[in-house]
Amino acid sequence: MAAVTRSAAEVNVNYFEKAREKIPNIPLLVNIVRRRVRQLNRGERPLVKPDGPQMDNFDLALKEIAEGKLTAELSFAPEEEKPSKDKVISL
């Protein structure tokens, strides 16, 4: 199956700008959208109502973020909770 690429002109600019307000870190936003598009492609239900039957999953993921239905959370485990090298098993 060939990968589908989109140009910047094809992205719904309104949803993109609103999503950037929610998640200003562009690499993080791209990764969240990428993961959500994969979920939608596998058949998961959208968290928001599509604008129409032709709305693609990329714009749908941006709309979910823009409307606050999909967010990102970064967590950092304290040093003592990180696995030490002697607890890591290599195969």
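The values are calculated or read from the model by the stated rules, or taken from the named source; none is laboratory data. If you're wondering where the values come from, they're calculated on a predicted model, not measured in any experiment. When we count neighbours, we look across all protein chains shown, and the Cβ atoms used for this are built from the backbone with ideal geometry, even at glycine.
Odds and ends about this structure:
- Among (1) farther than 16 Å from residue 64 by Cα; (2) surrounded by 10 or more Cβ atoms within 10 Å (Cβ to Cβ); (3) modelled with pLDDT of 95 or more, the one test that residue 25 misses: (3)
- When 54, 39 are checked against the criterion of being more than 17 Å from the chain's Cα centre (by Cα), at pLDDT 75 or above and of a type in the set (S, T, N, Q), 54 stands alone in meeting it.
- Meets criteria (hydrophobic (A, V, I, L, M, F, W, C), loosely packed, with under 12 Cβ neighbours inside 10 Å and not in a loop (DSSP other than H, G, I, E, B)) for residue 30: yes
- Lone unmet requirement of (1) modelled with pLDDT under 95; (2) aliphatic (A, V, I, L, M); (3) not in a loop (DSSP other than H, G, I, E, B) for residue 60: (1)
- Output for the range 40-65, where each listed residue is in contact with a helix residue (DSSP H, G or I) (Cβ under 6 Å, 6 or more places away or on another chain) and small (Gly, Ala, Ser): 61
- For the range 48-70, taking the residues that are of a type in the set (Gly, Ala, Ser) and in contact (Cβ under 8 Å) with a residue 40 or more places away in the chain, the one that is surrounded by the fewest Cβ atoms within 10 Å (Cβ to Cβ) is identified as 68.
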